[in-house]
Amino acid sequence: MADTLLISHHVSYIQKLGQSQDELAYHLTSHLRLNAIYWGLTAICIMGRPDALSREEMIAFVMDCWDDNAGFGAHPGHDGHLLSTLSAIQILIMQDALDKLDVNRVVSFILSLQQPSGVFAGDSWGEIDTRFLYCAVNALSLLGKLDLLDKEKTVGYIKRCRNFDGGFGSCVGAESHAGQVFPCVAALAILDRLDIVDYDTLGWWLCERQLPSGGLNGRPEKLEDVCYSFWVLSSLSILNKLTWIDADKLTKFILSAQDPEGGGIADRLGNMVDVFHTNFGIAGLVDLDPVYCMPAVLIEKMGLRKGWTALERRQITSK
């Protein structure tokens, strides 16, 4: 079991992901393609290897995902969606290619999806979720257009999603889940409205997500999963409650889920690796901005950093 982050292995794993276009699995996951590119690019950037993937090919693919009717789709020919639109914006910013974007059309698409209640639908089909709300708030902030958002209506919806345990759900009345706590807390951080969060109650709920293995789960009575290293850790970082979990045990759990031969990180030891868990596992080990889910240095440069605290980390990287 590796006790260091195997950077060269993970970079190699990510580089090979786009080379399997003849395999059925590649086509079955087309609905996640743009998101997967964002996960892979973010991972290599925070590992200090931003040039490991072709900039020109990546930008060309992103622009091919533009849906003339509605933002960016996950793959060329797919309908536009808020989730893939945010990924496109994040990729273009990380690649210093935001000039490729028709900002006004993108902003118009995003704002058109806000519902009367304040929540956002993901696309024209109308599914609502606090995660889509976060995508909208994050994207508008990155584009410098947050002033166009009805902030009070947006914050009002998040507030109605708050539960007795301090957590947040996917919609009003839904149970608390770490995967929903993060987008709500991060959106509130961007909107400078963390005043509606019960810091201590939510902090306790979040720290109770840590299991004896050191890993974190998304809600009570569920298995630990590497991806919650980001969702829970980022929320605790924004709330300045990082000392409420055992960081060393969490680090060991993440490192144990690495594939020491082919690279990549799985949801837990013994399972198959994937780029989603690779990115969010690395995010639990290397500093990533916990609000925007992008390299911290880049967000700092853009003047968007919020008042979060970083985890004190021991040296766990290897080349």
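The values are calculated or read from the model by the stated rules, or taken from the named source; none is laboratory data. For clarity, every value in this text was computed on a predicted model and none was experimentally measured. Here the Cβ positions follow ideal geometry from the backbone for every residue, glycine too, while neighbour counts run over all protein chains shown. When the accessible area is computed, the model is the full protein with side chains, heavy atoms only, and any ligands, DNA or RNA have been set aside. Shrake-Rupley method; radii C 1.70, N 1.55, O 1.52, S 1.80 Å.
Computed quantities for the displayed model
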{"read-out": "Total lysine pairs under 24 Å (Cα atoms) in segment 7-302, excluding pairs fewer than 8 apart on one chain", "value": "12"}
{"read-out": "3J(HN,Hα) from dihedral phi, segment 257-274, Karplus parametrisation 6.51/-1.76/1.60, rounded to Hz, x for glycine, proline", "value": "8, 6, 8, x, 9, x, x, x, 10, 9, 5, 6, 3, x, 9, 6, 7, 7"}
{"read-out": "Charge dipole magnitude, Cβ of K and R +1, D and E -1 - segment 7-302, Cα centre, debye nearest 20", "value": "460 debye"}
{"read-out": "Whole-percent carbon and sulfur share, accessible surface of the chain, 1.4 Å", "value": "51 percent"}
{"read-out": "Derived scalar couplings ³J(HN,Hα) [segment 166-181; Karplus, 6.51 cos²θ - 1.76 cosθ + 1.60; whole Hz; x for Gly, Pro]", "value": "x, x, 9, x, 6, 7, 4, x, 7, 5, 5, 8, 4, x, 9, 4"}
{"read-out": "In sequence order, calculated HN-Hα J values of segment 64-81 (Karplus, 6.51, -1.76, 1.60; Hz; x Gly/Pro)", "value": "5, 8, 5, 9, 4, 8, 6, x, 9, x, 6, 7, x, x, 8, 5, x, 8"}
{"read-out": "Average accessible surface area per residue within the chain, 1.4 Å rolling probe, Å²", "value": "44 Å²"}
{"read-out": "Most fluctuating residue given options Asn240, Asn35, Asn104, as computed from a GNM of the chain linking Cα atoms under 10 Å", "value": "Asn104"}
{"read-out": "Percent RCO, i.e. relative contact order, over segment 174-307, from Cα pairs under 8 Å lying at least 6 residues apart", "value": "23 percent"}
{"read-out": "Relative contact order (percent, whole number), the chain, Cα cutoff 8 Å, 6+ residue spacing", "value": "19 percent"}
{"read-out": "Using a Förster distance of 25 Å, the FRET efficiency for Arg55-Val297 (Cβ separation, nearest 0.05)", "value": "0.90"}
{"read-out": "Gaussian network model of the chain, springs between alpha carbon atoms under 10 Å - residue of Leu216, Leu82, Leu143 with greatest fluctuation", "value": "Leu143"}
{"read-out": "Contour excess over end-to-end distance, with Cα ends at Lys153 and Leu211 and 0.36 nm allotted per residue", "value": "17.2 nm"}
{"read-out": "Share of Cα-Cα pairs in segment 14-154 lying beyond 26 Å, as whole percent", "value": "24 percent"}
{"read-out": "Efficiency of FRET between Phe164 and Glu261 - r from beta-carbon atoms, R0 51 angstrom, step 0.05", "value": "0.65"}
{"read-out": "Förster radius 22 Å - calculated FRET efficiency between Asp64 and Ser108, Cβ distance, rounded to 0.05", "value": "0.60"}
{"read-out": "For q = 0.07, 0.08, 0.13, 0.14 Å⁻¹, Debye-computed log10 I/I(0) when each Cα of the chain counts as one equal scatterer", "value": "-0.25, -0.33, -0.94, -1.11"}
{"read-out": "5 angstrom amide H check on Val273, placed H, neighbours 5+ away", "value": "none"}
{"read-out": "Charge dipole of segment 194-319 about the Cα centre (unit charges at C-beta), most positive-ward option of Tyr228, Leu298, Thr201", "value": "Leu298"}
